[in-house]
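All of the numbers you see were taken from the coordinates with simple rules; none came from a lab. Small disclaimer: the values here were computed from a predicted structure and weren't measured. Cβ atoms come from the backbone with ideal geometry, glycine included; neighbour counts cover every protein chain shown.
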Amino acid sequence: MSARRHRVNVEDWRQAARRALPRLAYEYVDGAAGDEVCLASNLDDLRRLTLLPRTLLDIEKIDPSVEVLGRRWPVPMAVAPLGLTGLIRPGGDVLMARAAARSGWVHTLSTASNSRLEAVRQAARDVTPEAEQWMQLYVMHDRAVAEHIMRRARSAGFRVLVLTVDVPVGGNRERDLRNDFSLPFRPTLRMALDMARRPGWLWRLARGGAPNFANLSETEDAQASAQAQAVMLSRAMSRKLLWSDLQWLRRHWDGPLVVKGLLHPDDAARAVHEGFDGVVVSNHGGRQLDAAPSSIAMLPAIVDAVAGRVPVFVDGGFRRGADVLKALACGARAVFVGRAPLYGLAAGGEAGAAAVMALLQAELVQAMILAGVSRAEAVTAELLGPRRGS
Ligand code: FNR
């Protein structure tokens with residue numbers, strides 16, 4: 001308990017996750033593509049932005065809530081879709097969904113989840129019937145798989161569909177390659193030694209079972225097919241997904257549709273033109289094209305291109321509440337956070353993930369007070385100060 005009390009920021013939780021997980025699992029979460037320059041620039045570019053505080057304003061009451069697609073979010077933060085959380089903790093998706101529901105954060109469930117979407121939806125509802133969840137969609141070669149997921153997600157009560165478009169092929173995750181990371185697990189001696197150093201993780205895995213892409217199986221008891229597993233792990237998504245396929249999506253999904261993984265302003269403008277209800281500026285946490293720019297660097301131009309027609313979200317590198325305020329000042333409606341709550345999940349299960357969310361939320365409120373901002377929705381680019389040098 002006292003160790004947890006001393007985890008005062010996301011970096012502390014990251015270090016705790018590193019101690020809790022075998023290298024293979026930690027590097028799956030922490031790593032990115034190629035030289036990991038994109039990952040680093042997500043963090044650096046956020047750090048370089050400054051907030052220019054205003055003083056002697058009425059900051060008695062702080063309101064960090066924002067309106068998103070007809071709902072009021074208590075805070076402008078949501079959990080990004082995260083695949084294979086079962087490698088971090090058995091039942092990881094359920095634990096994350098519960099933590100998000102407890103914290104008032106929207107939870108986005110990945111197509112590559114290790115629990116079936118119906119079970120994850122129920123888990124969030126058990127915490128509070130109001131819990132809002134979004135469903136992330138990967139479209140593989142076999143369109144029937146996506147159609148099936150959309151049908152199930154709609155009837156389970158997921159409100160918004162998030163189409164991820166930045167994985168036409170897997171990124172070059174060199175740490176995973178070095179760790180011989182593949183599914184189903186083919187343990188090497190090195191891997192076994194690595195896992196033996198983390199008895200808590202190993203014990204949970206032995207009890208909970210090795211993760212599989214449960215969401216892709218037709219029924220509750222059927223294992224997802226080996227083929228679907230392989231496709232998911234190799235991230236062999238459809239390379240034939242085109243703007244014109246929006247019509248196909250619309251036939252299968254009648255709720256709000258958000259596109260995730262755009263970096264070019266023209267693509268964002270096109271997304272609005274084609275009828276998407278929101279865009280997530282993202283480079284997949286630096287896990288795809290290492291040469292891509294940081295998400296925060298592209299955010300202002302995308303906000304300009306979208307011109308207020310749909311909400312713009314951003315993810316990549318958010319580790320501080322003040323970072324979230326910076327994104328709002330650059331025009332984002334809200335921020336998605338990926339690794340941070342995963343570090344919490346790794347080190348402390350559901351309570352750990354919830355602790356990270358509470359931490360980010362407390363940091364955001366404090367940053368708002370210090371910056372002289374009483375309402376998240378009133379934040380404008382005027383809050384931005386001079387950029388720090390390198
Ligand atoms: C991801 N991300 C991701 N995105 C997605 O659309 N579907 C997915 O299944 C996954 N899986 C996934 C697993 C892990 C371990 C990570 C770290 C990331 C990308 C994720 O949604 C988000 O874009 C980034 O994580 C945001 O960057 P930060 O917050 O991790 O820096």
Next on the checklist: Under a crude label model (7 Å from the Cα following the beta-carbon direction), how far is Lys61 from Ala144 in nanometres?
Outcome noted: 5.6 nm
Item to check | Cα extents of the chain along the three principal axes, largest first (Å) | outcome: 60, 53, 43
Checklist entry - Taking Cα centroids, how far is the range 47-91 from the range 13-40 in Å? => result 23 Å
Item to check | Rounded to the nearest 20 debye, dipole of the range 14-151 from Cβ charges on Lys, Arg, Asp, Glu | outcome: 360 debye
Checklist outcome for this item: Dividing the helical contributions, -39500 (n - 2.57) per DSSP H run of n ≥ 4, by the residues of the chain yields a 222 nm value, nearest 500 deg cm²/dmol, of -13500 deg cm²/dmol
Checklist entry - Hey, if you put +1 on the Cβ of every Lys and Arg and -1 on every Asp and Glu Cβ in the chain, which of Pro53, Ala307, Leu359 ends up farthest toward the positive end of that dipole? => result Leu359
Next on the checklist: Under the rule of at least 5 residues apart or a separate chain, name every residue whose amide H is placed under 5 Å from the amide H of Leu163.
Outcome noted: Leu137, Val258, Val259, Lys260
Checklist outcome for this item: dims of the range 228-344, Cα set, principal axes, largest to smallest, nearest Å -> 39, 36, 28
Item to check | Derived scalar couplings ³J(HN,Hα) [the range 276-293; Karplus, 6.51 cos²θ - 1.76 cosθ + 1.60; whole Hz; x for Gly, Pro] | outcome: 5, 9, x, 10, 10, 6, 7, 10, 6, x, x, 9, 10, 8, 4, 6, 6, x
Checklist entry - Going by a ≥ b ≥ c, the root eigenvalues of the Cα gyration tensor, does the range 282-330 fall in the rounded group (a/c under 1.5), the prolate group (a/b larger than b/c) or the oblate group? => result oblate
Checklist entry - Can you put Lys240, Lys260, Lys326 in order, fewest other beta carbons within 10 Å first? => result Lys240, Lys260, Lys326
Checklist entry - Any idea which of Cys330, Val139, Leu193 is furthest toward the positive side of the dipole for the chain, if Lys and Arg beta-carbons carry +1 and Asp and Glu beta-carbons -1? => result Leu193
Item to check | Cα→Cβ-extended label distance, 7 Å offset, between Ala358 and Leu289, nm | outcome: 4.1 nm
Checklist entry - Which value results when the Cα radius of gyration for the range 1-79 is divided by 2.2 N^0.38 Å? => result 1.55
Checklist outcome for this item: Relative contact order as a percentage, the range 326-389, C-alpha pairs under 8 Å and 6+ apart, gives 37 percent
Checklist entry - Under the classification rounded if a/c is under 1.5, otherwise prolate if a/b is larger than b/c and oblate if not, where does the range 1-160 fall, given a ≥ b ≥ c as square roots of the Cα gyration tensor eigenvalues? => result oblate
Checklist entry - Which lysines, on any chain, are close to Lys260 with Cα under 25 Å apart, when same-chain ones fewer than 8 places away are left out? => result Lys240, Lys326
Checklist entry - Put a dot 7 Å past each Cα toward the Cβ at Leu177 and Ala381; how far apart are the dots in nm? => result 4.0 nm
Checklist entry - Dipole magnitude of the range 268-390 about its Cα centre, charges +1 at Lys/Arg Cβ and -1 at Asp/Glu Cβ only, in debye to the nearest 20? => result 240 debye
Checklist outcome for this item: Projecting the Cα atoms of Val272, Val169, Ala340 onto the charge dipole of the chain, where Lys and Arg contribute +1 and Asp and Glu -1 at Cβ, the residue farthest towards the positive end is Ala340
Checklist entry - For the range 279-390, rounded, prolate or oblate, judged on the Cα gyration tensor with a ≥ b ≥ c (square roots of eigenvalues), a/c < 1.5 rounded, else prolate if a/b > b/c? => result oblate
